[in-house]
Amino acid sequence: MVSERTKFSKRAFSSQTYILLLLLSIVLVFGLIAHSLVGRVQEIKDVTQTETDRAAAEELSKSIQVVIKSANNLAQDLAQWGEVNQQLHKPQYYSYWREQRLVSARKYPDYVRGIELYDNNGKVLAPVIGNNLPNQRGKKGHLLQRKDSKLYLVTFSPVSDSDNPGDTLGYVGTVWEFVPAMLLLNHFTYLDSSSIQVAQGPDMAWPLDRIKPLLRYKSIDVPAVQKLEDVVLNSVLEFGVILGVFLIAVYLGVSRLFIHPLQQMYLRLAELRAAGTEDSKLPERLVTSRLKEINELSEALRRYHRKLAATSRDLDESNQELWNMAHLDVLSGVHNRRAFEHDWRAIQEAAGGQRLPIAFLLFDCDFFKAINDTYGHTTGDRLVQVLAEVLHKALRTGDKLYRLGGDEFATLLLNADEGQAHQVAERCLESLSKYPMHDIGIQESVMISIGLAVTQRMNSEELKNLPRQADLAMYHAKRDKHRRISHYSAEMDRMSGSVISSRAVSAAIDAAKGLGGIEMHYQPIVNTQTGQVIHYESLVRINDNQGLIFPGDIFPIIDQRSLQVPFDLNIMRSVCDDIQAHHLPKGVGVSINMSAHTLMLPNLLEHLAPLLPLLEEHTIIIEVTETDLITQLQHVTENLAQLREYGVIIALDDFGSGYSSIRYLARMPVDIVKFDIEMIRDLESDASRRSIVENAARMVREAGYQLIAEGIETTTQRDLASSMGATHLQGYLFGKPERTPHPATISNTA
Amino acid sequence: MDRMDKLLFLSPFKFTRWQSPHSASFCLLIVFLFSTLQAFAQPLQLRVANSMLANADYHQGESDKPAVLVLHGFLSTHHFPTVQHIAGELRESGYSVLTPSLTLGLNNRTTSLPCDALHLHNMEQSVEEIDWWVEWLVAKGHTRIHLIGHSAGSLQLLIANMQKHNAAVQSLTLTSLIPLERLPSESPKGDTVEMALKRLKQGDSSIRKYDLSFCHGNFAAPPEVYLSYVSWTKQRIINGLKSSQTPINIIMGGNDKRFTGNNWMPLLLQAAPKLDILEGANHFYDGDAEFALLESILDKLETLDTTTNRGT
């Protein structure tokens, strides 16, 4: 399970997001710096203001002292002024002097609101008019007076008598309007001179040391700091604007140079994915950018994709080729077993109980090995190709033909019922029959057996059984010499042992293991001329005390379990036991059917050792089927030759049911040829077939073989068989297989 | 020279410092100051007539040279440039020089008195002060005293000598002698003489503003003070010149505008045919006229002095 952390770390963001985040970060940092800067400026402002306030307070104090000092100086100057002295000495013209001369003399500034001279008793030389000086000097000396919201400084300075310097001639009194005096006498740097006001309060006199509380003032807004604040704010604003414009330009530039081309590339790559391997859909250029690296990357990606597409196409072609190689049969060009299994699996997976009939046809070439051995593998391969071509053409359009192996083909007919499937099978047979085999060097007709199984519903269970059923059907088709097309039926399952009861299975297995149950029945074979029973053919039954089990139920089990050898040997023992038990009449031969598996045994004579002593009194005939003999001729020939040396007679059974090649017959180490029942029936069919059988019989006879005609059930057949040259006759006409062999019952064997 | 260097330099125990270039300059300065101190007058502050405290400068000259009293003009002080120039030249020439400032009724007057100041000091009081100064010179041992006046000072010296001649006074040199009546170039503005006379008769001592000399309608004074000055008319002055027993030299500026239009010059010439008219000189003998004035004064003094010595 991928952890959340891993999930998070793997999460990707677009370049645009990163750029925006970066720009946002820059803006944020700028904001923080600006905020800090503004804060610092405010700090500076506060500190400066504090210092300014302090300096202003200091200035105020100093300015107050300046005023007081100036007042004192003026008073002293006036006191030393000769005219003051003159007036104090001769005060009779004081009023004129005060009002005219004092004014015109401009001995005092405008903020001095009045000057009076007082005698040494402190009495004003003339009544005070229009100023705040008293008519009588008090004892307190300098003082402050608040009156009408104005503050006045009243000073009194003694005037020394020039005649007697130690004596006070009188006093000079001055009254100053304090605030104007302060403003004019001082230059304020930190104090806002326009803010200096007299504090509100009642009109009264105050001592000089109480002056400060009587004044209200404010310190200046330090222009430098204000300017600094303005500069900083403006700078921040300007820089912010510049930064904003710059960031926008950067964003646009980066977008244009990087993000947009990357996005274009991304979209183009999506188009490339959609284009797949088609060159025609590849754009001429992925992106167009002013960045050389982007353009080169784009071109490299395009070239890479082109190569990738080409490689993909090559891979697809190779895959297709490999797929073809894996799913097509090299020799025939049709689908092979792998393709069949693939398609079959797909059909099964797609099955859902739909009512869709599916027919499974299995084709098998009859005696393909014999043909291969006769004409060579090249012709055999060519035959496979012909079969594939013929069958494929005979199928419906869209139907697939599969070569399952060797000479075995199959097809699946979807939505085909049994009738339609049969028609297809008929078509295949007809097409094959029309094909000129001599074009590929084969002189005789090539036949195929077709097994057909149909299911009406795409049920998975039924579908699963279809191949097996078709195989069973084909098996029956091969055995049935009359029908090339075999439709599956439940009986086939039973006959194949698939539905055979466990009783039959057990019995067959026990019999094969030698545990008993084998019961030989004997059918007479008579001399055509004499009608005498020459020998009996032993036919196996199993008697498990519940009844007889016939070869139809026995041999499928034996074949399925590859018990042919032990079963044959036990049959041989049973026959030997019957002979030894005098179950057979003396001097009468007995034929024992043996499979090619048994006849192939390297130590066959050892296994057949029980038979050899019986040769003294009985003719032992080993019957081997034409098919078995042909398919295993090379391996069986030596053993048969040894048996013949011992006097065992070899009979070729069911001649005509398989690959009836006369040339093959010449090579077979047999003494007797037994014509298949079909060949006997052909005597009764059209002239051409009869002619063929008769000619075959003649050749067999001329070759020196004894000829036994099987399946004689009617006198007509007897006569025909006799006329064609059969030396011996076998069939129900002369007797059925029974446990106790009995003499021939035909009354007219002559 | 920094402060430390100065201290070390001035220290008598740091002999090495005397050898520095700075010490030589200082010595020269001392010598120069010492020498020039000889030409500088000493300030005086004396209680003069009427117990008024007056200021003056006095320079003790050569013992064989007479003393000279130089008096300033109307409402001025002894610091007036013309007075200082004359006094300085005389000092240089070895004369003992006294340059007093009339109190004009103000104790310790050191500055010129404006026209609109309250003038409570009349002519007679000023003359009294002049007499006191002459007595003071005599008391200082000067037996030969020359009086030199400028402008109103010349008039006051004339009046003083007329009213009380001191035997020590050898001569009067009156420069820019003019009456104190209203300047002819100015129109009447203040109260008239007649008004003053009327007030005086009425006992009205109130301060009025009158025209007096260059005080144009703003000479503030009671009527009696005003009249004490203005009563010295041109004729009265001429009469005084004519009747003076003391040799009088009169030096006038040829370009003195103060008496243009009041017929004063012709009258003066009539009374003093030997008056010295310095061409191009104004009332105050500014510029090159200063040298001419000084030369004239010295010349006259020397002539007077020689004559006096021969006479003794």
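In this structure, is A:Val386 closer than 13 Å to A:Phe360 by Cβ, part of a helix (DSSP H, G or I) and open to solvent by less than 20 Å² (accessible area, probe 1.4 Å)? Taking the combined requirement at face value, the residue does not satisfy it. When A:Leu601, A:Leu640, A:Leu584 are checked against the criterion of being in the same structural domain as A:Asn527 (by TED's automatic domain parsing), buried (at least 20 other Cβ atoms within 10 Å of the Cβ), in a loop (DSSP other than H, G, I, E, B) and modelled with pLDDT of 85 or more, A:Leu584 stands alone in meeting it.
Answer yes or no as to whether B:Asp256 is over 28 Å from A:Ser104 (Cα atoms), out of contact with any helix residue (DSSP H, G or I) (no Cβ under 8 Å at 6 or more places or on another chain) and acidic (Asp, Glu). Taking the combined requirement at face value, the residue satisfies it. Of the residues in the stretch A:89-97, at least one is surrounded by 14 or more Cβ atoms within 10 Å (Cβ to Cβ) and touching a residue at least 40 places away in the same chain (Cβ under 8 Å).
B:Gly94 falls short on exactly one of the conditions (1) open to solvent by 10 Å² or more (accessible area, probe 1.4 Å); (2) at positive phi, and that condition is (1). Test A:Ser562 against the stated conditions and say whether it is of a type in the set (Gly, Ala, Ser), modelled with pLDDT of 85 or more and either open to solvent by less than 20 Å² (accessible area, probe 1.4 Å) or not in a strand (DSSP E or B) (or both). The answer is no for A:Ser562.
Consider the stretch A:436-454 and keep the residues that are in contact (Cβ under 8 Å) with a residue 12 or more places away in the chain, open to solvent by 50 Å² or more (accessible area, probe 1.4 Å) and not small (Gly, Ala, Ser). The one that is nearest to A:Leu466 (Cα to Cα) is A:Met447.
Looking only at residues of the stretch A:67-88 that are more than 9 Å from chain B (Cβ to nearest Cβ) and either farther than 30 Å from A:Leu215 by Cβ or not in a helix (DSSP H, G or I) (or both), we find that the one that is most open to solvent (accessible area, probe 1.4 Å) is A:Leu88. For the stretch B:82-99, the candidate set comprises residues that are under 21 Å from B:Glu290 (Cβ atoms) and part of a strand (DSSP E or B); within that set, the residue that is farthest from the other protein chains (Cβ to nearest Cβ) is B:Val97. Taking the conditions exactly as written (open to solvent by less than 40 Å² (accessible area, probe 1.4 Å), touching a strand residue (DSSP E or B) at 6+ places or on another chain (Cβ under 9 Å), within 13 Å of another protein chain (Cβ to nearest Cβ) and over 16 Å from B:Ala56 (Cα atoms)), does B:His119 satisfy them or not? In short, yes. Just to be sure, is A:Leu102 open to solvent by less than 10 Å² (accessible area, probe 1.4 Å), within 14 Å of chain B (Cβ to nearest Cβ) and at pLDDT below 90? Yes; evaluated as a whole, the condition is true for this residue. The residues in the stretch B:98-116 that are closer than 15 Å to B:His150 by Cα and open to solvent by less than 10 Å² (accessible area, probe 1.4 Å) can be counted, and the count is 5. Condition first: modelled with pLDDT under 85 and within 25 Å of the chain's Cα centre (by Cα). Now tell me which residues in the stretch A:320-350 satisfy that. Within the stretch A:320-350, A:Gln320, A:Glu321, A:Leu322, A:Trp323, A:Asn324, A:Ala326, A:Gln348, A:Glu349, A:Ala350 meet the criteria.
Here A:Ile129 does not fit the description of being out of contact with any His (no Cβ under 6 Å at 6 or more places or on another chain), at pLDDT 85 or above and among the hydrophobic types (A, V, I, L, M, F, W, C).
Would you be able to say whether some residue in the stretch A:126-141 is open to solvent by 20 Å² or more (accessible area, probe 1.4 Å), within 14 Å of chain B (Cβ to nearest Cβ) and not aliphatic (A, V, I, L, M)? No: zero hits. For the stretch B:248-270, a residue qualifies if it is modelled with pLDDT under 85, in a loop (DSSP other than H, G, I, E, B) and open to solvent by 60 Å² or more (accessible area, probe 1.4 Å), and the qualifying residues are B:Thr260, B:Gly261, B:Asn263. For the stretch A:208-219, a residue qualifies if it is open to solvent by 70 Å² or more (accessible area, probe 1.4 Å), under 17 Å from A:Gln65 (Cα atoms) and not in a helix (DSSP H, G or I), and the qualifying residues are A:Arg216, A:Tyr217. Does B:His150 meet the test of being in contact (Cβ under 8 Å) with a residue 12 or more places away in the chain, within 14 Å of chain A (Cβ to nearest Cβ) and buried (at least 24 other Cβ atoms within 10 Å of the Cβ)? Judged against the criteria, B:His150 is not a match. Applying the criterion of being part of a loop (DSSP other than H, G, I, E, B) and open to solvent by 20 Å² or more (accessible area, probe 1.4 Å) to the residues of the stretch A:404-435, the residue that is modelled with the highest pLDDT is A:Tyr435. Filtering the stretch B:177-190 to residues that are more than 14 Å from chain A (Cβ to nearest Cβ) and either assigned to a helix (DSSP H, G or I) or over 23 Å from B:Met265 (Cβ atoms) (or both) leaves only B:Lys189. Considering B:Gln245, B:Gln202, the condition of being modelled with pLDDT under 90 and surrounded by fewer than 19 Cβ atoms within 10 Å (Cβ to Cβ) is satisfied by B:Gln245 alone.
Scanning the stretch A:351-389 for residues that are among the basic types (Lys, Arg) and modelled with pLDDT under 90 returns A:Arg355, A:Lys369.
Considering the stretch B:42-54, the residues that are more than 13 Å from B:Trp136 (Cα to Cα) and not in a loop (DSSP other than H, G, I, E, B) include one that is most open to solvent (accessible area, probe 1.4 Å), namely B:Gln42. Residue count for the stretch B:100-113 satisfying the condition of being part of a strand (DSSP E or B) and either among the basic types (Lys, Arg) or modelled with pLDDT under 95 (or both): 0. Considering the stretch B:61-81, and only residues there that are in contact (Cβ under 8 Å) with a residue 60 or more places away in the chain, farther than 18 Å from B:Leu106 by Cα and in a loop (DSSP other than H, G, I, E, B), the residue that is farthest from the other protein chains (Cβ to nearest Cβ) turns out to be B:Lys65.
The values are calculated or read from the model by the stated rules, or taken from the named source; none is laboratory data. Keep in mind that what you see is a predicted model, and the values were worked out from it rather than measured. Methodologically, a virtual Cβ is constructed for each residue, glycine included, from the backbone with ideal geometry; neighbour enumeration extends over all protein chains shown. Quick note on the areas: whole protein, heavy atoms, side chains included, nothing else; ligands and nucleic acids left out. Shrake-Rupley method; radii C 1.70, N 1.55, O 1.52, S 1.80 Å.
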